[in-house]
Amino acid sequence: MSEMIFGRNTIVESIKQNRKIEKVYTISNNKDIISLSEKYGIAYEIVNKDFINSKVTGNHQGVLAYVKEYEYFKLNDIVSDKEDSLIVMLDCFEDPHNLGAVIRTGETAGVDGIIIPKRRAAGVNSTVTKVAAGAVEHMNIARVNNINEAIRYLKENDVWVCGTDIDTNKYHYNQDLTGSIAIVIGSEGFGMSKLVKENCDFLVKIPMKGKITSLNASVSAGIVVYEAVRQRNINK
């Protein structure tokens, strides 16, 4: 099956990473897209903006492409022999914009992989790919049948599992986040499920100083992930 992706950065990275692209449709102004398509032998067609507007809602930047749908990694592809693996696990993210934002943040932070569930959660689609701005092509994303079984697999492979929850006592910057660790972020509306929370090795929270007591889920992921990065840089 094929799916549509759009946006210049998204398509440039897809071409450079040799994703299987069926055809590119672009306005004439996108000289870099045309040049790359020719360089990599990818079929393309120059169209007017109205054609792309009829296919895409959103900021498409005058280019779209049809590609082979995203091929997910296996869980054991993400769990490596590194002594300081950094993994992000998402417990039922339903908003593709949030998933795309986490993928983009994770890639810039050097995250080794992202784990998402198959059911009741967003998968990698055109919106996710656009929001991630090309990061999908550089991130190992595994889609699992059961998050709790994935947690057990991580623990069996010496990966600590850190959950995020407002009702715990420890702030994220007071917890040791070095070594091999998976950071679990709960869904946008409900947080982590009860069983996922119970299966975590420990829980952390982000301090809330204002009158609003919750953060966007992708923002929470970025804060905790970059605290882990900060701690690792200190210990080098």
Using the Karplus curve 6.51 cos²θ - 1.76 cosθ + 1.60 with θ = phi - 60°, what ³J(HN,Hα) values do you get for each residue of segment 143-148, in whole Hz, with x for Gly and Pro? 10, 10, 6, 9, 5, 5
Once you have the Kirkwood Rh of segment 1-138 from its Cα pairs, apply Stokes-Einstein at 20 °C and 1.002 mPa s and quote D in µm²/s. 136
Average accessible surface area per residue within the chain, 1.4 Å rolling probe, Å²: 51
Amide H contacts under 5 Å for Phe73, placed H, 5+ residues apart: Ile141, Ala142, Arg143
Can you list residues from other chains, or at least 5 along the same chain, whose modelled amide H is less than 5 Å from the amide H of Tyr44? Val24
For a 18 Å ceiling on Cα separation, which of these pairs sit above it: Lys170/Lys209; Lys74/Lys205; Lys82/Lys194; Lys155/Lys205; Lys74/Lys194? Lys74/Lys205; Lys82/Lys194; Lys155/Lys205; Lys74/Lys194
Under the definition of Cα pairs under 8 Å and six or more residues apart, what whole-number percent is the relative contact order of segment 1-160? 27
Backbone HN-Hα couplings from phi across segment 153-170 [Karplus 6.51/-1.76/1.60, Hz, Gly and Pro as x]: 4, 4, 4, 5, 10, 6, 10, 6, 10, 10, x, 10, 7, 5, 8, 8, 9, 9
Kindly provide the helix-only [θ] at 222 nm of the chain, computed as the sum of -39,500 (n - 2.57) over DSSP H runs of four or more divided by all residues, to the nearest 500 deg cm²/dmol? -10000 deg cm²/dmol
Which of the peptides 208-219, 42-53, 103-114 is most tightly packed, and how do the rest follow, going by the mean number of other Cβ atoms within 10 Å of each residue? 103-114, 42-53, 208-219
Accessible surface of segment 106-236, 1.4 Å probe, proportion on carbon and sulfur as whole %: 47
With a cut-off of 8 Å between alpha carbons and a minimum separation of six or more residues, what is the relative contact order of segment 151-236 in percent? 36
Fraction of accessible area attributable to carbon and sulfur, segment 14-105 (%, probe 1.4 Å): 43
Which whole-Hz ³J(HN,Hα) couplings does segment 64-74 yield from phi under the Karplus relation 6.51 cos²θ - 1.76 cosθ + 1.60, θ = phi - 60°, glycine and proline marked x? 9, 8, 9, 10, 5, 4, 4, 9, 6, 7, 8
Counting DSSP beta bridges with both ends in segment 71-198, the antiparallel % (nearest 5): 5
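With Rg and the Kirkwood Rh both taken from Cα atoms, where does Rg over Rh land for segment 169-236?
Rounded to two decimals, Rg/Rh equals 0.96.
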Starting from the amide H of Val184, placed 1.01 Å from N in the peptide plane, find each other amide H under 5 Å away whose residue is 5 or more places distant or on another chain. Met89, Cys162, Gly163, Thr164
In this structure, among Lys31/Lys68; Lys39/Lys130; Lys16/Lys68, pairs with alpha-carbon gaps over 19 Å are Lys31/Lys68; Lys39/Lys130
Have a look at the chain and give its Rg and Dmax from the Cα atoms, expressed in angstrom. 19.2, 57
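The values are calculated or read from the model by the stated rules, or taken from the named source; none is laboratory data. Not measured: the values here are computed from a predicted model. Here Cβ is always computed from backbone atoms with ideal geometry, including for glycine, and neighbour counts include all displayed protein chains. For the accessible areas, the whole protein counts, side chains as well, though only heavy atoms, and no ligand, DNA or RNA atoms are used. Shrake-Rupley method; radii C 1.70, N 1.55, O 1.52, S 1.80 Å.
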